[in-house]
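In what follows, a structure is listed as structure tokens, so that the remarks can point back to it.
The values are calculated or read from the model by the stated rules, or taken from the named source; none is laboratory data. The structure presented is a predicted model; accordingly, all values stated were derived computationally and were not measured. Counting neighbours? That spans all protein chains shown, and the Cβs are built from the backbone with ideal geometry, glycine included. Calculation scope for accessible area: heavy atoms of the full protein, side chains included, ligands and nucleic acids excluded. Shrake-Rupley method; radii C 1.70, N 1.55, O 1.52, S 1.80 Å.
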2 protein chains.
Amino acid sequence: MPNIFGNIPNDLTNEAFSELIKTDTVKIERIISKGHKSPEAGWYDQAQGEWLMLVQGSAKLVFEDQREVELQAGDYLNIPAHQKHKVSWTDPNVETIWLAVHY
Amino acid sequence: MPNIFGNIPNDLTNEAFSELIKTDTVKIERIISKGHKSPEAGWYDQAQGEWLMLVQGSAKLVFEDQREVELQAGDYLNIPAHQKHKVSWTDPNVETIWLAVHY
């Protein structure tokens, strides 16, 4: 049985993306961050909606209106298509595990 | 920020279903079980696929071919449309939290 906490890469120089399932209508992926954040310039502006849950660790997201939210394990939120956002912080000391449902 | 571990009902006589998001193509729900299992007779036979992750607790699923799988926290699996299955056991002593993505 695959496990969301399994097979965490030792080398997290880059964020680690794993596609868990992909169908015509949905893609579910695991993302592991460790101190990573989005580039200062620019925003993620996605054509699809994204439902996110933080499985482990902690992170901050910021939106175009400067609103910043902090996520702890179990926190979830929906980012509608074209809601511009970026990751402003992830904990540098632990692996932060995201579950992302792109729909 | 809503949290998958939040607002667990005190009364779990029945399983607790919470719809976290519903769009044209996807429905994400939280299910809380505590000793619940499916009826002995019959199977779940769903027109949609379902991606399941166990967030907390432990549970067993059984499939029509009698294959039984045990899930612990973090375990995930995909149940394709029309793959007949049922819940054969959930831990009676702790709240088992499922995350279900119907797609």
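Please work out which residue is nearest to the chain's Cα centre (by Cα), limiting yourself to the stretch B:37-82 and to residues that are of a type in the set (Lys, Arg) and part of a loop (DSSP other than H, G, I, E, B).
Here the residue is B:Lys37.
If you take the residues in the stretch B:7-36 that are within 19 Å of A:Trp51 (Cβ to Cβ) and loosely packed, with under 12 Cβ neighbours inside 10 Å, which one is nearest to the chain's Cα centre (by Cα)?
Selected residue: B:Phe17.
Does the stretch B:17-36 hold any residues that are of a type in the set (A, V, I, L, M, F, W, C) and either in a loop (DSSP other than H, G, I, E, B) or under 24 Å from B:Glu68 (Cβ atoms) (or both), and which are they?
B:Phe17, B:Val26, B:Ile31, B:Ile32, listed by residue number.
Among the aliphatic types (A, V, I, L, M) and within 11 Å of another protein chain (Cβ to nearest Cβ): which single residue out of B:Ile28, B:Ile32, B:Ile8 fits that description?
Just a single option satisfies the conditions, and that option is B:Ile28.
Looking only at the stretch A:51-60, count every residue that is farther than 13 Å from A:Ser33 by Cα and among the aliphatic types (A, V, I, L, M) and tell me the total.
Looking only at that region, the number is 2.
Do we find that B:Gln48 is within 11 Å of chain A (Cβ to nearest Cβ), open to solvent by 50 Å² or more (accessible area, probe 1.4 Å) and farther than 30 Å from A:Val62 by Cα in this structure?
yes
For the stretch A:62-74: of the residues being touching a Ser or Thr at 6+ places or on another chain (Cβ under 9 Å) and within 26 Å of B:Tyr76 (Cα to Cα), which is surrounded by the most Cβ atoms within 10 Å (Cβ to Cβ)?
Only one residue fits best here, namely A:Leu71.
Any residue at all in the stretch A:78-95 that's modelled with pLDDT of 95 or more, buried (at least 16 other Cβ atoms within 10 Å of the Cβ) and facing chain B (nearest Cβ under 9 Å)?
Checked the stretch A:78-95: at least one residue is modelled with pLDDT of 95 or more, buried (at least 16 other Cβ atoms within 10 Å of the Cβ) and facing chain B (nearest Cβ under 9 Å).
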